[in-house]
Amino acid sequence: MRFRGGLILLIVCASALSAAPVTPEAGNPLALQEIGQHSLKILSPTVLELTLVTGQQKSAESSHKGGFFSSLFGGGGGGGSTDLQEWNFDDEGKIPGPASFQVSAGGKTISVQRVGFRRRVLYAPIKKFDLRVGNSLLLELAGPIPSGAQVTVTNPDQKIWKPVREFKATMEEGRWSPAIHVNQMGYAPGLPKSAMIGYYLGSLGEMSLPSEAGFDLVDASTGKAVFHGKLPRRPDSGYTFTCYQEVCEADFSEFKTPGTYFVSVPGLGRSFPFVIDDGIPAAFARAYALGFYHQRCGGEDAMPFTRFTHKACHMAPAAIPTMQFKTVNYFLSKLAEENKDQRAPPLKDVDSSLFPFVNQGTVDVSGGHHDAGDYSKYTINSAQLIHFLVFAADAFPGVVELDNLGIPESGDGKSDILQEAKWEADFLAKMQDADGGFYFLVYPRERKYENDVLPDHGDPQLVAPKNTSATAAAVAALAQAATSPAFKKQFPAESALYLEKAKKGWAFLEKGWAKYGRDRCYQKLTHYGDVFDDQDEIAWAAVEIYLATGDEKVHQKLVEEFNPSDKKTWRWGWWSLFEGFGCAARSYGFAEKTGRVPPGKLNPALLNACNVELLARAHDCARDERNSAYGVSFPTPSKRFKNGGWFFPNDFGFDITVGYQLDPRPEFVEAVINNLNYEAGCNPVNVTFLTGMGTKRQREIVHQYAQNDGRVLPPSGIPLGSIQSGFAYVDPYKTMLKQLSFPSDDDPRNPYPFYDRWADTFNVQTEFTVQDLSRGLACLAFWMAQSPIKTQPWKSALAKIVDADHGFRLEAEGLDSKQASIVWEAEGQDPMIGPIFKPAKGARWIEAEALWPDGRRVFARREL
């Protein structure tokens, strides 16, 4: 499933799309590209792309025997290897000149004017050394290729490739184009709809586009154009180097008829097929809900809700550490060496805690959600998860009524969003010590990560010492859930329990401040919650305690100390409403709107400041979306400082959706949808950055279950960071991945542009946390709640794999599988998408996962 520009293998991916008149390339889009694979792609009438996959398939040990450069350039050969030096034109002086190529089209020769080169790693898994690199030679021609002509490219002196390799293609108008980028799932009829057109040519810069001709929206069932539009330029701004100035936008928002379509641009070809369907917002909300289900701890993941199953995990009580726990005390000592900027004594071991453990032995902390790709659970992240979901249920119209997201609790008459929040809140309530403080996290007892096991075979765990930031966050989240009108109505007993725990936690904080002083209480453990020491969590806790209790002393102190417009509360001086300060502003700003306090109980100045900043944040994110050629809210400061990583478009969609509740501007809707589109494949590399969605999917992600379950594809519904600075240093490749890129990411004049920096590899800059998952679900649940699908009953359906001619097919109870996109996996082979599947000889099991346009899924497994 390696994809870069001309290096994709395409088939029409869904049964519902199979009648589309597209000319696909042979092969399977979910399969890895083989080393040695090569192709010719006609990008435009005057631009060709020749591609070659090079790489190595060795063990980590053997590939590094000859030292770095030996392994980098294939010294020693070996089975499954090709010389990485082949097509290694790693500076402009090495790129072959125009005379090195001969292009014939329709029996006539067309001269080459310019030659460019691009190289980037395609695939590099972490568990097994398997390096595959995409190399592209870009040829700019002196004249256009005639329509229908067969094109052949040779190198007369045979210095670039031998005659055994052929580069041929046909100039067909219906060919798939890597330059046309769409939301691969589809678009809702009543929401904005646009595709982006653009392509990076490596050292040649960007491809010029034939914007004068405009674009057509083509009905896939008839092959007829149903809408014609213009292609205005959408140049990017904010970078310190020139990039994305030739990108065009194809806006077809006016067209609202449901069906299956392509975007077609004369001379370029066609996009992936996609649907226009009322269910599209639900498809993404349900995907995020499935991601939440896959992150659950303390329960089993089981059919029929997923094929990524495991038994109930981490059910054993966690240890409360003492000085006899050598590993945790060693970790604390190392963290303390890094934490030299706090005024409190360093937390260098268990006995150094200002707040010693009261409970002893073990404690039940089962439940909650695994925080990220690993199985740990962080109190501060847990608290923010609760905030986003409870806030959405209270403040976003229609969200609390959703009872059809496809989780096990769906259809029981209670809010799916609140039940997912409750799963976390029940865990968070267990994290309280007898003195009211909250443990910082749940962690493996003897190592950092359970990287080699599935969760139901996870390590013995322990809880880390308490601190004021974790306690304040837990106080805030539990008080918010306890006083949420919707939560209190649906779960009155739990609400009462949460409120008592929140009050006890606040008393713990007040006692600590009285004993040590407000600025000498905070002991840092890790970077989690440390951006503003504990000040943002305390501000949030004060808001929630006041809203829960009406304590005017707390309120007065809050009014004196908290101003969300003060740049001291902004990360890096430009990111407002960050973490706890954002939670505080949202809860206070919406307290009257959500019925948490009666009118007149809020300070007018602080209320106004909160709402002004919430709206300003939405405007900032919408502005960044407009300043992006691809409609994604990548912040201008990140562009300026060339920083990327841990970027999730729907995080920003959430902030815009909050602002939309205050001022429902059309540009806010457009910004939310364009951010979603970017995540769903409308980006330069045509990759869906949400697992289980779209045609082009990533398989190598930072996720311990995915690394250990024996399947190729990761669990569905996991968001992936979609913009990254570059490759991470990771075993077994060390710095190889970065060194193989051309142009270099660090080139001061012409660096590899940011939106194109992708590879299917293990990169911590793409790892999500539950905050990203919860912000995405909260955002998308609102847009689902505005659609006709909001009342569609759905929990799950039984499915089975049955015999068919030439293989197997899927049957689902009460659903038409012909309208679904079906992914098949089998032991020992690449997955594929299609209605019929034939496993390779020797496979002992097969699995199917079917997805409908409205996000309903069914799963099946069959032992062979």
- Message: Given the criterion within 30 Å of Tyr200 (Cβ to Cβ), at pLDDT 95 or above, buried (at least 23 other Cβ atoms within 10 Å of the Cβ) and of a type outside the set (Lys, Arg), identify the matching residue among Trp758, Trp824.
- Response: Trp758
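A quick yes/no check of all residues on (1) modelled with pLDDT of 85 or more; (2) under 29 Å from Asp747 (Cα atoms); (3) among the aromatic types (Phe, Trp, Tyr); (4) open to solvent by 10 Å² or more (accessible area, probe 1.4 Å):
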site	(1), (2), (3), (4)
Asn28	no, no, no, yes
Leu43	yes, yes, no, no
Thr46	yes, yes, no, yes
Ser59	no, no, no, yes
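Can you find, within segment 827-864, the residue that is farthest from Gly259 (Cα to Cα) among those that are among the basic types (Lys, Arg) and buried (at least 23 other Cβ atoms within 10 Å of the Cβ)?
The qualifying residue farthest from Gly259 (Cα to Cα) is Arg857.
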- In segment 336-365, what residues are in contact with a strand residue (DSSP E or B) (Cβ under 7 Å, 6 or more places away or on another chain) and not in a loop (DSSP other than H, G, I, E, B)? Thr362, Val363
- Answer yes or no: is there a residue in segment 150-170 that is over 30 Å from Gln56 (Cβ atoms), among the charged types (D, E, K, R) and in a loop (DSSP other than H, G, I, E, B). no
- Identity of the residue in segment 764-789, assigned to a helix (DSSP H, G or I), over 19 Å from Trp423 (Cβ atoms) and not aliphatic (A, V, I, L, M), that ends up most open to solvent (accessible area, probe 1.4 Å): Pro788
- Query: Listed residues Tyr244, Tyr199, Tyr187; which is hydroxyl-bearing (Ser, Thr, Tyr), open to solvent by less than 20 Å² (accessible area, probe 1.4 Å) and closer than 27 Å to Pro664 by Cα?
  - Reply: Tyr187
- Message: Test of understanding: among Ser208, Ser177, which residue is open to solvent by 40 Å² or more (accessible area, probe 1.4 Å) and more than 30 Å from Gln786 (Cβ to Cβ)?
- Response: Ser208
- Message: Pairs needed: first member in segment 345-373, farther than 30 Å from Gln295 by Cα; second member anywhere, of a type in the set (Phe, Trp, Tyr) and surrounded by fewer than 23 Cβ atoms within 10 Å (Cβ to Cβ); C-beta distance under 8 Å; at least 6 residues apart or different chains.
- Response: Leu354/Tyr516; Phe355/Phe508
- Message: Looking for something touching a residue at least 60 places away in the same chain (Cβ under 8 Å), assigned to a loop (DSSP other than H, G, I, E, B) and under 29 Å from Arg307 (Cβ atoms) - is there at least one such residue anywhere in segment 436-446?
- Response: no
- Task: Please tell me if Gly368 is touching a Pro at 6+ places or on another chain (Cβ under 9 Å), at pLDDT 95 or above and either open to solvent by less than 20 Å² (accessible area, probe 1.4 Å) or not hydroxyl-bearing (Ser, Thr, Tyr) (or both).
- Result: no
- Message: Only one of Leu354, Leu335 is over 30 Å from Lys422 (Cα atoms) and at pLDDT 95 or above. Can you tell me which?
- Response: Leu354
- Across segment 133-149, what is the number of residues that are open to solvent by 10 Å² or more (accessible area, probe 1.4 Å) and not in a loop (DSSP other than H, G, I, E, B)? 1
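When segment 303-321 is examined, which residues are found to be open to solvent by less than 40 Å² (accessible area, probe 1.4 Å) and under 19 Å from Asp459 (Cα atoms)?
Answer for segment 303-321, where residues must be open to solvent by less than 40 Å² (accessible area, probe 1.4 Å) and under 19 Å from Asp459 (Cα atoms): His310, Cys313, His314, Ala318, Ala319, Ile320, Pro321.
Of the residues Val153, Val103, Val121, Val112, only one is surrounded by 14 or more Cβ atoms within 10 Å (Cβ to Cβ), touching a Leu at 6+ places or on another chain (Cβ under 7 Å) and farther than 29 Å from Pro29 by Cβ; which?
Val112
Quick grid of which residues meet (1) within 21 Å of Tyr244 (Cβ to Cβ); (2) assigned to a helix (DSSP H, G or I); (3) aliphatic (A, V, I, L, M); (4) at pLDDT below 95:
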residue	(1), (2), (3), (4)
Lys639	yes, yes, no, no
Ile656	no, yes, yes, no
Phe668	no, yes, no, no
Ile673	yes, yes, yes, no
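Conditions (1) more than 21 Å from Ile386 (Cβ to Cβ); (2) among the small types (Gly, Ala, Ser); (3) open to solvent by less than 40 Å² (accessible area, probe 1.4 Å), marked per residue:
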residue: Ser495; (1), (2), (3): no, yes, yes
residue: Lys511; (1), (2), (3): yes, no, no
residue: Cys521; (1), (2), (3): yes, no, yes
residue: Phe532; (1), (2), (3): no, no, yes
residue: Trp540; (1), (2), (3): no, no, yes
residue: Val543; (1), (2), (3): no, no, yes
residue: Asp551; (1), (2), (3): yes, no, no
residue: His555; (1), (2), (3): yes, no, yes
residue: Glu560; (1), (2), (3): yes, no, no
- Note on the structure: Taking segment 393-428 and the residues there that are assigned to a helix (DSSP H, G or I) and of a type in the set (Gly, Ala, Ser), the one that is surrounded by the fewest Cβ atoms within 10 Å (Cβ to Cβ) would be Ala395
- Does at least one position in segment 597-609 carry a residue that is open to solvent by 10 Å² or more (accessible area, probe 1.4 Å), within 16 Å of Phe578 (Cα to Cα) and within 28 Å of the chain's Cα centre (by Cα)? no
- Message: Tell me whether segment 269-289 contains one or more residues that are outside any loop (DSSP other than H, G, I, E, B), open to solvent by less than 20 Å² (accessible area, probe 1.4 Å), closer than 30 Å to Arg862 by Cα and among the hydroxyl-bearing types (Ser, Thr, Tyr).
- Response: yes
- Within segment 462-491, the residues that are assigned to a loop (DSSP other than H, G, I, E, B) and touching a strand residue (DSSP E or B) at 6+ places or on another chain (Cβ under 8 Å) are Ala464, Pro465, Asn467
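For (1) among the aromatic types (Phe, Trp, Tyr); (2) assigned to a helix (DSSP H, G or I); (3) under 22 Å from Asp394 (Cβ atoms), each residue gets a yes or a no:
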residue	(1), (2), (3)
Asp536	no, yes, yes
Val543	no, yes, yes
Gln556	no, yes, no
Pro564	no, no, yes
Ala591	no, no, yes
Gly595	no, no, yes
Leu606	no, yes, yes
Glu613	no, yes, yes
Ala618	no, yes, yes
- Selected residue [among the aliphatic types (A, V, I, L, M), open to solvent by less than 10 Å² (accessible area, probe 1.4 Å), within 24 Å of Thr688 (Cα to Cα) and touching a residue at least 24 places away in the same chain (Cβ under 8 Å)] from Ala618, Ala622, Ala585: Ala622
- Being assigned to a strand (DSSP E or B) and either farther than 16 Å from Leu201 by Cα or among the acidic types (Asp, Glu) (or both) is the filter here, so list the residues in segment 106-120 that pass it. Lys108, Thr109, Ile110
- Item | Inter-residue pairs, beta-carbon under 8 Å, first closer than 17 Å to Lys489 by Cα and in segment 406-417, second of a type in the set (Ser, Thr, Tyr), 6+ apart | Asp416/Ser410
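Yes/no matrix, rows are residues, columns are (1) more than 18 Å from Ala188 (Cα to Cα); (2) out of contact with any His (no Cβ under 6 Å at 6 or more places or on another chain); (3) open to solvent by 10 Å² or more (accessible area, probe 1.4 Å); (4) assigned to a helix (DSSP H, G or I):
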site: Gly659; (1), (2), (3), (4): yes, yes, no, yes
site: Asn677; (1), (2), (3), (4): no, yes, no, yes
site: Cys682; (1), (2), (3), (4): no, no, no, no
site: Ile701; (1), (2), (3), (4): yes, yes, no, no
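The values are calculated or read from the model by the stated rules, or taken from the named source; none is laboratory data. Computed from a predicted model, the values in this text were never measured in an experiment. Cβ sites come from the backbone with ideal geometry, for glycine too, and all protein chains shown count toward neighbours. Only protein heavy atoms, including side chains, enter the accessible area calculation; ligands, DNA and RNA are left aside. Shrake-Rupley method; radii C 1.70, N 1.55, O 1.52, S 1.80 Å.
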